[in-house]
Amino acid sequence: MNNTKALGLIVNPIAGMGGKVALKGTDGKRVLAAARAKGAIPESGEKAERAMRLLVPYRENLLIRTASGPMGEDLCQKLDLPCEVVYRAGAPTSPADTIAAAAAIRARGAALLLFAGGDGTARNICEAVGSDFPVLGIPAGVKIQSAVFALHPESAGAIAANIAQSLPVSMLSREVVDLDEDAYRTGSVRAALFGSMLVPNQPDALQSMKQGGFSSEEDQLRGAALYLRDHMEPDAFYAVGSGSTAKCISRLLGLEYELLGVDMIHGGTLVEKDLTEERLWSYAQTGRMKIIVSPIGGQGFLFGRGNHQFSARVLRAVGKENLLVVAGEAKLLSLPRHRLHVDCDDPEICRELRGYYQVLCGYGRFHSLLCQD
């Protein structure tokens, strides 16, 4: 019986080179050339080695799928780790090589893809493998604000060693963000959410996402929309309520929408726009309908103010457990006593909808609010 465990490895050879020479990163050929002119030397290989050394005791049952030369092959040969080169990188390497190598590793399969770099590398990996392939960052860049990195190289190696031994390790989604380097060099810290990736659920060994420079309403709603997209059930119908906040998912998916109406999404596509109560009722009877709604700012009403299409019979058929509430933190702060409200045409359903709601305020970030009149 073959007990070989396949892991992936990608090393970004230029990651971190700009740090010691005060260049705040190495994104772009011009900045990389400046870093080299200042005497910067590669450091990511050394940090990747610190992580990968912890896998040496398990080499007999391992296969490392990697890219050629300094992107992984050289390190595997140095540590005598069995490897399979699934992608031949250019010289010098580029972000396109990282993307292509990650895509090749995903295609061949790996229990975990380790990558050494910073936020730029994480963004390239995310572009290639998406949100459902297990990865873990070995911190080796200048910008490391994303939540997909281990605390230090040894932490990454220890987690990978657990997987190499087939120990049970669950996965969870964490954010990938990237800093605008040009803005950073002028003193402005401006990060944007790029996506999410699956990482081992080892909170004591993972870093959290840096919050500074990443708290605008736009970023929060993009994060919430990404979370909704990543967790949409393929057979469910999603009725998106009125208002610009609830429509964050429509904007992310590039769909048309009626700002003050209710639209229906299924399988990531627009099914109907500006539905009537009668049409919503027909979907609600399928038992596969969910509602995405946002409270009215300054008031807190989920239903009964501008969205009467969500009638009592529709809400009863859908059920409280299928209501998805989205709001930016600024909107929540505007709510009197931080309370939510409903005002339906049936007092009984109003009572059924009371209680606590987990309000989505970013990617996987929730605030618990009480709905009580």
Item to complete: As a check on your grasp of the helix formula, calculate [θ] at 222 nm for the chain: sum -39500 (n - 2.57) over DSSP H runs of n ≥ 4, divide by the residue count, round to the nearest 500.
Response: -8500 deg cm²/dmol
Worksheet item: Taking every pair of alpha-carbon atoms in the range 253-373, what share in percent sits in each 10 Å bin, from 0 to the bin with the longest distance?
Response: 13, 45, 36, 6
Practice prompt. Determine which aspartates and glutamates satisfy two conditions relative to LYS78: a Cα distance under 17 Å, and not lying fewer than 8 residues away in the same chain.
Written response: GLU43, GLU46, GLU49, GLU60
Item to complete: Provide the packing ranking of 274-284, 220-230, 113-123, i.e. peptides ordered by the mean count of other C-beta atoms within 10 Å per residue, highest first.
Response: 113-123, 220-230, 274-284
Response to the item:
Within the chain, cysteines having no neighbouring cysteine beta carbon under 4.7 Å are CYS126, CYS248, CYS344, CYS350, CYS361, CYS371
Response to the item:
For MET197, the residues 5 or more places away or on another chain with a placed amide H closer than 5 Å to its own amide H are ARG174, VAL176
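When DSSP assigns beta bridges and you keep just the ones with both residues in the range 220-352, what percent turn out antiparallel, to the nearest 5?
Working: 7 of 16 bridges.
Among the beta bridges of the range 220-352, antiparallel pairing accounts for roughly 45 percent.
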Response to the item:
Spelling it out for LEU63: with amide H atoms placed in the peptide plane at 1.01 Å from N, the residues 5 or more places away or on another chain with amide H under 5 Å from its amide H are LYS5, ALA6, LEU7
Worksheet item: What spacing in nm lies between the two simple spin-label points modelled at ARG108 and SER216, each 7 Å away from Cα in the Cβ direction?
Response: 4.0
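Pull up the DSSP beta bridges for the chain and report the antiparallel fraction as a percent, rounded to 5. Write down the numbers at each step before the final one.
Working: 24 of 57 bridges.
Counting DSSP beta bridges with both partners in the chain, the antiparallel share is about 40 percent.
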Worksheet item: Roughly how tilted is helix 119-129, in degrees to the nearest 10 and between 0 and 90, from the longest Cα axis of the chain?
Response: 70
Discussion item. What aspartates and glutamates does LYS247 reach when the alpha-carbon gap must be under 15 Å and sequence neighbours fewer than 8 apart in one chain are set aside?
Written reply: GLU217, GLU218, ASP219, GLU256, GLU258, ASP263, GLU272, ASP274
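Before anything else, pin down the relative contact order of the chain: Cα pairs under 8 Å, at least 6 apart, normalised by residue count, whole percent. It would help to have the intermediate numbers written out before the result.
Working: 813 pairs, mean separation 44.7, N = 373.
Dividing the mean separation by the residue count of the chain yields 12 percent.
Could you work out how much longer the chain between ASP274 and LEU370 gets when fully extended? Use 0.36 nm per residue separation minus the Cα distance between them, nm to one decimal.
Values: separation 96, 0.36 × 96 = 34.56 nm, distance 2.90 nm.
Length gained between ASP274 and LEU370: 31.7 nm.
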Practice prompt. Note the angle between two axes, namely the Cα long axis of helix 217-230 and the longest principal axis of the Cα atoms of the chain, as a number of degrees from 0 to 90, rounded to the nearest 10.
Written response: 90
Worksheet item: Quick one: what Rg and Dmax do you get for the chain from the alpha carbons, in Å?
Response: 23.8, 73
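From the C-alpha gyration tensor of the range 64-182, pull out the three semi-axes of the equivalent ellipsoid (sqrt of 5λ each), sorted largest to smallest, in whole Å. Intermediate values should be presented prior to the final figure.
Working: eigenvalues 78, 71, 38 Å².
The three semi-axes for the range 64-182 are 20, 19, 14 Å.
Each reported figure results from applying straightforward, stated rules to the coordinates on display, with no laboratory input. Everything quoted here is computed from the prediction, not taken from an experiment. Using ideal geometry, Cβ is built from the backbone for each residue, glycine included, and neighbour counts are taken over all protein chains shown.
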